[in-house]
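S.K.: Quick one: this structure, given as structure tokens, is what I'll be asking you about.
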Amino acid sequence: LRLRLPPDEHRRVVSAALQRPPRHGRGPLLLYVLDLLELPDPVLPQVPALLGPGVPSSGVLVVGNKVDLLPADAPGHLGRLRKRVAEACARAGLVGAALVDIRLVSAKTGFGMEGLVSRLQHSWKCTGDVYLLGATNSGKSTLFNTLLRSDYCKSRAPDIVDRATVSPWPGTTLNLLKFPIINPTCDRIFRRQERLKEEATKTEDELSSEEKKYLNHLKKQGYLVGEVGRTFQRQKASPVVDFDPDMLSYSIDEDPKHSPKKQGEREEFTHNEVKDARWCFDTPGIVKEDCVLNLLTEKEVKLVLPTVAIVPRTFILKPGTALFLAALGRIDYLQGEKSAWFSVVASNLLPVHITTLSNADTIYEKHAGRELLKVPMGGEERMKEFPPLVPQDITLKGIGTTEAVADIKFSSAGWVAVTAHAEEELLLRAYTPKGTTLVVREPPLLPYISSIRGSRIAGTAAYRTKKPPSFVENLKTTGSR
């Protein structure tokens, strides 16, 4: 379903929801889901406008999602990522009381989620209802579903509330889904803390075979993993016998017929369960303008958006060389005294092709839309409707052979971190499809990314790839990472 909510319409719909009379005497809390791979987030600057003078808000809690997809380039990488998110918030005007907190999580693998739930419960008395906001493909619906199965949600709710649709296609949250937030009483907080303490003493060897299997599955999916448990389970209702005299008066040749009224009955919350409840609402994703994903088919989007841990690919290039990231991005190394390192951080399914500058135009004309460059796909007919690549000249000055100077970000297709010798000046020319945004990100998101590589592959510009080990957050470690 190619359903979109234009930015102006989205602001109107969400603002109307936020401007409803505050319940419990508290304004709503905005839980903004930010895709860490998208920094600088193009939608974040729109958030303060939602908190106009007519909205008695409790502030914004920014959740940096998809942290599991990014490898640790050096010790302290999570602190550096959080700092980059804080800088983005400040540029967007989210400062002081307006910014409640910043959390780094993986809604998919569970990393950081128990900490986020604890932080949200800590805000219970200070906030009203909670609204999940975020750009399309930020992982907002996955976060909604994870919170639905956590201690943040009333224990009966997962059996009653529909799960959000998780899809790479924009606009798949078709209506305002919601679940009731559990009241974190002192007793519940104590029982939850006891559960978390007990789980933190376990090692992988103490897990059941099913738990180990699931944990190993998550480790293949991402670098950072965490378990999201439930302290409060749904109370089992005591069995009640429905005594219906008419149902007992049938002959041995007849089958008892069940009441059609009871078949298909949907379980609902009772009035007492929700009369004073605070609710967590999911909202439609905000469509990113000037984004390469808007130009792609659903099949192409699935190749471009990373869904498992990204394995960085590093190349050492001389001046006079070009690098293609599929047919969605290109970097020409025009001038420089020495070789430089180019580390690609993008979906593992997107091909990288290195060639000389003299051959680069021919390679694009011959292979765009075909298997070598892979995306877009569909041959000459597909490329007729696809916008041409447009250039932008970039000048960088290296800061050392172990630290990247900048990222060249190709909209939502990924980025290339450039590492060069100290004081070495590079003249580059980067290309992206017309109508999409190219960003030179300084400082880079993962400055030491070029160190995550194997040995040089003889006769090529490439290094062997190396995937760092995964880390499980809330299990007792048997070996430190």
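The values are calculated or read from the model by the stated rules, or taken from the named source; none is laboratory data. These numbers were taken from a predicted model, which means no experiment stands behind them. Here Cβ is always computed from backbone atoms with ideal geometry, including for glycine, and neighbour counts include all displayed protein chains. Please note that ligands, DNA and RNA were not included when accessible areas were found on the heavy atoms of the full protein model with its side chains. Shrake-Rupley method; radii C 1.70, N 1.55, O 1.52, S 1.80 Å.
S.K.: Taking all protein chains in place and a 1.4 Å probe, what share, in percent, of the accessible surface of the stretch 301-424 do carbon and sulfur account for?
M.R.: Answer for the stretch 301-424: carbon and sulfur cover 51 percent of the accessible area.
S.K.: Order 447-459, 339-351, 103-115 from most to least packed using the mean count of other Cβ atoms within 10 Å.
M.R.: 103-115, 339-351, 447-459
S.K.: Under 13 Å from the 7 Å Cα→Cβ point of residue 455, by amide nitrogen: which residues of the stretch 276-316?
M.R.: Inside the label zone: nothing.
S.K.: Would you mind computing Rg(Cα) / (2.2 N^0.38 Å) for the stretch 272-343, counting N as its residues?
M.R.: The stretch 272-343 yields a ratio of 1.92.
S.K.: If you don't mind, there's one more thing I want to ask. So how much slack lies between residue 207 and residue 12, counting 0.36 nm per residue of separation and subtracting their Cα-Cα distance, in nm?
M.R.: That works out to 65.4 nm of additional length.
S.K.: How are the alpha carbon pair distances in the stretch 404-451 distributed across 5 Å bins from zero to the largest one, expressed in percent?
M.R.: 5, 20, 29, 25, 14, 6, 2
S.K.: Give, in nm to one decimal, the length gained when the segment between residue 191 and residue 118 is fully stretched (0.36 nm per residue of separation minus the Cα-Cα distance).
M.R.: 25.0 nm
S.K.: For the stretch 380-481, what is the per residue volume of the convex hull drawn over the alpha-carbon atoms, in cubic angstrom?
M.R.: Output value, Cα hull per residue: 192 Å³.
S.K.: Could you pull out the GluC sites (Glu not before Pro) across the stretch 366-444 that fall in loop regions by DSSP (anything but H, G, I, E, B) with no more than 12 other Cβ atoms inside 10 Å?
M.R.: 371, 423
S.K.: Set the Förster radius R0 to 51 Å, insert the Cβ-Cβ distance between residue 359 and residue 80 as r into 1/(1 + (r/R0)^6), and round the FRET efficiency to 0.05.
M.R.: Plugging the Cβ-Cβ distance into 1/(1 + (r/R0)^6) gives 0.85.
S.K.: How long is the gain from residue 87 to residue 19 if the chain were fully straight, where each residue apart is worth 0.36 nm and the alpha carbon distance is subtracted?
M.R.: 21.7 nm
S.K.: What's the FRET efficiency of residue 307 with residue 423 using the Cβ-Cβ distance as r and R₀ = 45 Å, to the nearest 0.05?
M.R.: Rounded to the nearest 0.05, the efficiency is 0.70.
S.K.: What does the net charge come to around residue 91 if you take all other residues with beta carbon closer than 12 Å to its beta carbon, with K and R at +1 and D and E at -1?
M.R.: -1
S.K.: Another one. Can you pick out the pairs among 366/397; 66/384; 83/397; 125/154; 178/476 whose Cα atoms lie more than 27 Å from each other?
M.R.: 366/397; 66/384; 178/476
S.K.: I need the peptides 75-83, 203-211, 435-443, 285-293 ranked by packing, meaning the mean over residues of other C-beta atoms within 10 angstrom, with the highest value on top.
M.R.: The densest-packed peptide leads the list: 285-293, 435-443, 75-83, 203-211.
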